[in-house]
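Please treat every number below as a calculation from the coordinates, not as lab data. Everything numeric in this text was worked out from a predicted model, so none of it was measured. Here Cβ is always computed from backbone atoms with ideal geometry, including for glycine, and neighbour counts include all displayed protein chains.
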Amino acid sequence: MTTDYALTIPTLETERLLLRGWKESDAEGYGELYGDEDNAKFIGGVMAPWDAWRMVAQRIGQWHLRGFAMFAIEEKASGQFIGHAGPNFPKGWPEPEIGWGLVKRFHGKGYAFEAARASLRFAYEVLGWDTAMSLVDPDNTPSAKLATRLGATYESTQTVTSFTADVYRHLSPKEFLK
Amino acid sequence: MTDDLPLVAPTLETERLILRGWELEDFDAYAAFVANDEANRFRGGAVDRITAWKDFEGLAGQWALRGYGTFAVEDKETGELVGWAGLWHPVRLDEPELCWSVFPAFTGQGYAHEAAGAALVWWTQIEDNPAPFSMTHPDNIASQRVAEKLGALRGEDFEFDGRPSFFFRHQIAGREEMVH
């Protein structure tokens, strides 16, 4: 009566990063990402430490439920967890988005751009999306810059569930993949 | 190019029910239930849809982290989701809790006992798994009856999430378990 099957999360490799499935040990780094007030204010607020484990479970849960979700990002050189990026589509979002977020001490190296670009490529090439957007907190200038550098343009400001976000529309698959 | 995470939920069958992994299509029924203040009065009250989604993702994702979790429970005949049951084990619990919840429209038919019993049998058939515990609010008489009918023994009262809780230790036939 038992039907076991594996939940498969692909691994994307970039020059310096692995975007991969989640491990229980990622909760520690995730706690650092969401425990940092400067970081967390743009992504839903500071969490209790035990919430980081739950966040890892949620990411895996969305992979199971939707067939896609954010990846854990690992720095190839060190093997360290440095953040998350990828397609993200909670219930209540107007449409799927490409999200990203890095632990603070890994900022400033272009890692978020590298991960976001690989994520967008994955969404278009593997998931077959015909459009993509990112939700950016109106005060989150670094993320807005990253979106712009990816080729995205500001489209609108929307209330999404309980927060307000700027919608950045990415290049179309044809423009982005050329 | 792939990492294989371990388990998602197996499928279990009882006389009237199917216990299976969570699916996206279950969310609306799940969210409607947890938005019902009266039905959730023993679990801290209603939650909004966003919180419901996060909790729902967490229920689905626990399987890959733990190798066990909660099952979506559906009526075999109609295919309707009637609730959930299984091994809930967030990081702030030291051990898994055998839990069950049946939506108001389906209570009073013994579904909770049938579903939780199937999850308990599945769990205890895995060698060396310890007998799980269950907690119920002191006023949740229906849930206490389910625990007792499953053969669980009452332990010492405790507090969870700031709410008083009765403690039950399930019993595995052929193994001696301490109640604490």
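Would you tell me the mean number of C-beta atoms belonging to other protein chains that fall within 10 Å of each C-beta in A:81-89, as a whole number?
Across the residues of A:81-89, the mean count of other-chain Cβ atoms within 10 Å is 0.
Below 8 Å between Cα atoms, with a sequence gap of 6+, how large is the relative contact order for the range A:56-178 in percent?
Dividing the mean separation by the residue count of the range A:56-178 yields 18 percent.
Write out the GluC sites (Glu not before Pro) in the range B:1-101 meeting two conditions: DSSP loop, and at most 10 other Cβ atoms within 10 Å of their Cβ.
B:Glu15, B:Glu38, B:Glu77
Can you tell me how much longer the chain between A:Arg105 and A:Glu175 gets when fully stretched, taken as 0.36 nm per residue apart minus their C-alpha distance, in nm with one decimal?
Between A:Arg105 and A:Glu175, full extension yields an extra 21.9 nm.
Quick one: compute the contact order of the range A:6-104, relative version, from alpha carbon pairs under 8 angstrom and 6+ residues apart, as a percent.
About 27 percent, as a whole number.
Give me the net charge for the shell around B:Leu87: Cβ to Cβ below 11 angstrom, other residues only, Lys and Arg +1, Asp and Glu -1.
-1
What value, in deg cm²/dmol to 500, does the helix sum -39500 (n - 2.57) over DSSP H runs of n ≥ 4 give at 222 nm once divided by the residues of the protein assembly as shown?
Mean residue ellipticity at 222 nm (helix-derived): -9500 deg cm²/dmol.
State, to one decimal in nm, how far the label point of A:Thr14 lies from the label point of A:Gln158, with both points 7 Å from Cα in the Cβ direction.
A separation of 2.4 nm, rounded to one decimal place.
Do any chymotrypsin sites (Phe, Trp or Tyr not before Pro) in the range B:95-180 lie in a loop, going by DSSP, with at most 16 other beta-carbon atoms within 10 Å of their beta carbon, and if so which?
none
How would the range B:47-180 be classified by its alpha-carbon gyration tensor: rounded, prolate or oblate, with rounded meaning a/c under 1.5 and the a/b versus b/c comparison settling the rest?
Because its axes are fairly even, with a/c under 1.5, the range B:47-180 counts as rounded.
In peptide A:61-72, what is the residue-averaged number of other protein chain Cβ atoms found within 10 Å of each Cβ?
Mean partner shielding for this stretch: 5.
List the GluC sites (Glu not before Pro) within the range B:115-161 that fall in a DSSP loop (any state other than H, G, I, E or B) and whose Cβ has at most 13 other Cβ atoms within 10 Å.
B:Glu127, B:Glu156
Would you work out the relative contact order for chain B, in percent, from Cα pairs under 8 angstrom that are 6 or more residues apart?
Relative contact order comes out at 16 percent.
Quick check on my link table: of A:Lys76/B:Lys54; A:Lys23/A:Lys76; A:Lys104/A:Lys174, which ones sit more than 24 Å apart, alpha carbon to alpha carbon?
Where the Cα-Cα span goes over 24 Å, the pairs concerned are A:Lys76/B:Lys54; A:Lys104/A:Lys174.
Anything in chain B that counts as a DSSP H helix reaching 20 Å or more along its axis (C-alpha) with Kyte-Doolittle mean of at least -1.0? List them, would you?
Within chain B the helices that satisfy the rule are B:49-66, B:111-125.
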